[in-house]
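No lab work stands behind these numbers, since they all come straight from the coordinates. Small disclaimer: the values here were computed from a predicted structure and weren't measured. Every residue, glycine as well, gets a Cβ built from its backbone with ideal geometry; the counts of neighbours run over all protein chains shown.
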Amino acid sequence: MTVQPIRLFGDPVLRTRAAEVTDFDAELRHLVRDLWDTMQEAGGAGIAAPQLGVGLRVFTYHCDGFAGHLVNPTFEVVGDEYQDGPEGCLSIPGLRWDCRRHLHVVAKGWNMHGEPVEVEGSDLLARCVQHETDHLDGVVFVDRLDVETRKRAMREIREADWFDGAVPVLKQSPHPLFGEAN
């Protein structure tokens, strides 16, 4: 098992867009194993490489009966339905708030061997794909909360035992829906 420390909210790596993976090599396969082991140990539904301090476009997921990883992921929104629901993040431990996401998405990318992958599933999987893809763009889900919830979230983060006092930065998501929260 290769469990790695998870970077916490306030760490600049979480606000930096991750680079495309160009080499599908042993190092990438090792990263995917580290992501998987860390996600499993932490009890998360997903984790992105920046959360381990690695600026590459890779994430693993295990939610609602679906499990795997995506390299250089993209997603397409299917339909115009939204879901509101509680969301948390391994980089913001112990805290959750309601967040709006698209109800259906189809994610595409590659596996660690460079083979194409397409993932489509439940509303929980759609939420996970959107959340982790945001991480790869330097966006944390609190950026997507409505104004009042975001104010409450930032206060709760500043009061959390794990928070180191860094000045939190808010960033806009390049994906559709940002700015249309609740």
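Taking amide H atoms as placed 1.01 Å from N in the peptide plane, the amide H of VAL117 lies under 5 Å from those of GLY109, TRP110, ASN111, each 5 or more residues away in sequence or on another chain.
Highest mobility in the GNM of the chain, judged by mean-square fluctuation with C-alpha springs under 10 Å and restricted to VAL58, VAL21, VAL140, is found for VAL21. The length gained on full extension between LYS151 and SER122, counted as 0.36 nm times the residue separation minus their Cα-Cα distance, comes to 7.5 nm. Here the contact order of the chain, divided by its residue count and restricted to Cα pairs under 8 Å and six or more residues apart, works out to 24 percent. Taking a ≥ b ≥ c as the square roots of the eigenvalues of the Cα gyration tensor, an a/c ratio of 1.5 or more together with a/b larger than b/c marks the range 119-160 as prolate.
At a 10 angstrom cut-off on C-beta neighbours, averaged per residue, how do the peptides 110-121, 93-104 rank from highest to lowest? Mind showing how you got there, number by number?
On the way: 110-121: 14.7, 93-104: 17.9.
The peptides rank, most packed first, as 93-104, 110-121.
Could you tell me how far the Cα centroid of the range 22-48 sits from the Cα centroid of the range 95-109, in Å? Rounded to whole Å, the Cα centres lie 20 Å apart.
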